[in-house]
Amino acid sequence: MRAKHRHLWYLSAFLLIFFLSTVVCRADDLARDRASLRGIKTVVVRVHTFEHEWASELAKAGLEETVLQASIERQLEKAGIMVVPEEVSKKTETEGILNVRVKFLDPEPPKKTFSTSEEEKIERIDPKKKYVYAIRLNFRQAVSLRRTPAASVFAITWQTESVGLRRLVLIREDFTNVVNVFIEAYLSENPDIKKTD
């Protein structure tokens, strides 16, 4: 019964990937959404917590939160986008927060049990297993409500996402691709930004 349930889950995940395969990386990239990036001078990067039970295995695959955050910050800075640490953020009208989240749809952590020559069992990451995952990146900034202009709230004004089926070590490439979608949108609205090498 449990195996049947797992096969149904995998079939559902496969169908989801199949139907979304034409939109591997999708953005709410309408002109009005891009326009909301115009005039943004600084960006705070925030990579959100992964599932606790996955943390140590994801770190072994280079998907540790701090490593991803540093990599994304470098990618933005190389494109000429000024990044500031969250602790010195002033939350002004020319600053926004780039939120990055990843969700794995596989019900099991990426571990596999191996038997050693002494019949001892050890658990370690299975590098060949593929996982269904979704990366969501959104940009939040201070906005005013039309009905009460004095009221200022933080809201998502631009977002993109990517869904895929890959090995853990290859998922990191997709983070780069998703961030590149943001960079392209940002630079289209802020053409005076100069890239650094």
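Values quoted throughout were computed directly from the atomic coordinates according to the rules given, and no laboratory measurement underlies them. What you see is a predicted model; the values in this text were computed from it and never measured. Neighbour counts run over all protein chains shown; Cβ positions are idealised from the backbone, glycine included.
The trypsin sites (Lys or Arg not before Pro) of the stretch 142-174 meeting both criteria, a DSSP state outside H, G, I, E and B (loop) and at most 11 other C-beta atoms within 10 angstrom of the site's C-beta, are R146, R147. Normalising the Debye intensity of the stretch 124-197 to I(0), with uniform scatterers on Cα atoms only, and taking log10 at q = 0.18, 0.19, 0.24 Å⁻¹ returns -0.86, -0.90, -1.07. In sequence order, the stretch 129-139 has phi-based couplings of 5, 9, 10, 7, 8, 9, 10, 10, 10, 9, 10 Hz under the Karplus curve 6.51 cos²θ - 1.76 cosθ + 1.60, θ = phi - 60°, and Gly or Pro positions carry x.
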